[in-house]
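Before any comments, here is the structure.
The values are calculated or read from the model by the stated rules, or taken from the named source; none is laboratory data. Predicted model only: the values in this text are computed from it and were never measured. FYI the Cβ positions are ideal-geometry reconstructions off the backbone, even for glycines, and counts take in every protein chain you see. When the accessible area is computed, the model is the full protein with side chains, heavy atoms only, and any ligands, DNA or RNA have been set aside. Shrake-Rupley method; radii C 1.70, N 1.55, O 1.52, S 1.80 Å.
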Amino acid sequence: MMFHLALFPLMFTYKVVGLTPDEYFRQKIEIITETRDSLSEPVDAAVPFLDQYEAIWNSAKTLSLIGMDAIGARNSDDVTKILKDLPERITTAYEALVENVRKCEESNTKEALKEATNNLAVYCISVINISRDVRVKPNDANSWRLMHDHAKTISEVANSIRQVLIQSGSGIQACIETIGTIARITENLETMQMLARDGTLESTGDPFPNHREDMSGAAKRLIGAARLLVNGAISSNQEQVKDAAMTAEKTISDLANAVKSGVISLSIDDVGTRSLLLNGGTDVAKALSNSLEFTMDAFMKFPNDASWDKLYSSVKELVIIVRSFLETVESV
C-alpha cells in the first residue's frame, strides 16, 4: 500500500496553541507517565469493584480498539487521520482507565487490574513515539513493524484486563443473565394471565396432578438456590454465586414451564384457579429476581453494610412467597 504513504505528509498541524510537534508528543507521554504513577494514589471515596465493572470494561475495550486501529493503519485509506489522532486517543483512553481502576476499593482484583494497567503504559508511550517516527519516515518498514507489534500488545493487555473482569465478575454476570431470563419468564406468564382472563387460553385436558409435583419440586429447589446465592455472597465467591445463579435460572425456567403446563391442563372455564397459579408463579419469579439484585448489591460489601439486610430480607420474602405458592398448588 505504498501509494498511501507517498501522499503522506511529514508533519501535521496540531490545534494546540504554542506547541510544536515535539512538545505535543512530549506532553502526551508526560501525561501517560504521570497518570500511571497516580495508580496507587488514594481517591476521596473508593467504591466496590463491581460498581466500576462496566466503566473499566469500556475503558479497556476502547484501548483494545485503538490498538487494532493502529495495527491496521498502514493499510488504511485513513492512515493520515488515524496516526494524527492516535496520541490524543491513547492518552484520553489511558487516563480514563487509570481513573476507573483507582476508584475501586482495595482487593486482589484491584491489584491485578493495577498491574496490567501499569504495564499498558509502556506500550501506550511506545506507540505514541512510533506514530511520530512513521510520519517522519513513512516508508520505514522497521518502524511500521514496531508499530504493529506494540499496538498488538496494547490490545492484548487491554483484553487481559477484560479477562480479569470476567473472572472476577463471573458470578455477577450470571446474576445479570438470570435476571434477564426471569424478566422474559414474567412477561410470558403475565401474557398467559391475560389470555386466561379473556377465556382464550387453550386447554389440553391433561390431568392436573401430572404437573403438581413438577411445580412443587421446582419451587422447593428455588429456596435452596437462594440460600446458595447468600452463601456465595457472604464468602465473596464468584464461582459459587455463578453456580447458584445458573441453578436458579434453570429452576425458575422449570417452574414456569410446569406452571404453564398445569394451567393449560385446567378447563378454560376455571379462570380463577388458572389466575391463582399464574399469579403465584409470577410472584415467585419476581421475588427471585429481587434476591439476585440484592445479591449483586451486597457482594464484596462490608458485613455491616445495609445491603446485607436487604439481601436477607429478600430471601425471607422469597421463602414466604414460595410457601404460599406451594399451598396454592396443593389446593388445586
Exercise. Which net charge results for the neighbourhood of residue 165, defined as the other residues with beta-carbon distances under 13 angstrom from its beta-carbon, given Lys and Arg at +1 and Asp and Glu at -1?
Worked result: +1
Problem set entry | Cα long-axis angle, helix 53-71 against the chain (0 to 90 degrees, to the nearest 10) | 40 degrees
Problem set entry | Å² per residue, accessible surface of the chain at 1.4 Å | 49 Å²
Exercise. Per the Kirkwood formula on distinct C-alpha pairs, the Rh of the chain is how many angstrom?
Worked result: 23.5 Å
For this session: Would you pull out the residues with amide H under 5 Å of residue 104's amide H, same chain only if 5 or more places away, H placed 1.01 Å from N?
Result: 47
Problem set entry | Cα-based convex hull volume of the range 26-127 per residue, rounded to whole Å³ | 90 Å³
Exercise. Can you give the accessible area of residue 148 in Å² (nearest 10), computed on protein heavy atoms with a 1.4 Å probe?
Worked result: 80 Å²
For this session: Please work out the ratio of the alpha-carbon Rg of the range 68-139 to 2.2 N^0.38 Å and round it to two decimals.
Result: 1.34
Seminar exercise, completed: Calc'd 3J(HN,Hα), the range 78-95, phi into Karplus 6.51 cos²θ - 1.76 cosθ + 1.60 (θ = phi - 60°), Hz, glycine/Pro = x, comes to 9, 3, 4, 5, 4, 6, 5, 7, 4, x, 5, 5, 5, 4, 4, 5, 5, 4
Problem set entry | Around residue 76: net Lys/Arg minus Asp/Glu count, Cβ-Cβ under 15 Å | +1
Exercise. What's the local net charge at residue 128, with K and R +1, D and E -1, over the other residues with C-beta under 15 Å away?
Worked result: -3
Problem set entry | Modelled FRET efficiency - R0 35 Å, residue 190 with residue 118, Cβ distances, 0.05 increments | 0.10
For this session: Grab the Cα-Cα distance for residue 65 and residue 81, subtract it from 0.36 nm times how many residues apart they are, and report the gain in nm with one decimal.
Result: 4.2 nm
For this session: Taking only Cα atoms and a 10 Å spring cutoff, compute GNM fluctuations for the chain and point out the largest among 294, 49, 302.
Result: 302
Exercise. What is the P(r) of the range 140-265, as percent of Cα-Cα pairs per 10 Å bin from 0?
Worked result: 12, 26, 22, 16, 11, 7, 4, 1
Exercise. Relative contact order (percent) for the chain, with alpha-carbon contacts under 8 angstrom and 6 or more residues of separation?
Worked result: 18 percent
For this session: Could you work out, for the range 59-179, what percent of all Cα-Cα pairs fall into each 10 Å distance bin, beginning at 0 Å and stopping at the bin that holds the largest distance?
Result: 13, 42, 26, 14, 5, 0
Exercise. For the chain, modelled as a Gaussian network with Cα springs under 10 Å, which listed residue fluctuates most, 171, 199, 281?
Worked result: 199
Problem set entry | Förster radius 56 Å - calculated FRET efficiency between residue 326 and residue 57 (Cβ-Cβ, nearest 0.05) | 0.85
For this session: Calculate the all-directions average of the projected area of the range 230-332's alpha-carbon convex hull, and give it in nm².
Result: 6.5 nm²
Problem set entry | Cβ-Cβ FRET estimate between residue 34 and residue 246, R0 fixed at 51 Å, reported to 0.05 | 0.70
For this session: Quick one: among 194, 246, 68, which has the greatest mean-square fluctuation in a GNM of the chain with alpha-carbon springs under 10 angstrom?
Result: 194
Exercise. Leaving out ligands, DNA and RNA but keeping every protein chain, what accessible area does residue 166 have, in Å² rounded to the nearest 10, with a 1.4 Å probe?
Worked result: 70 Å²
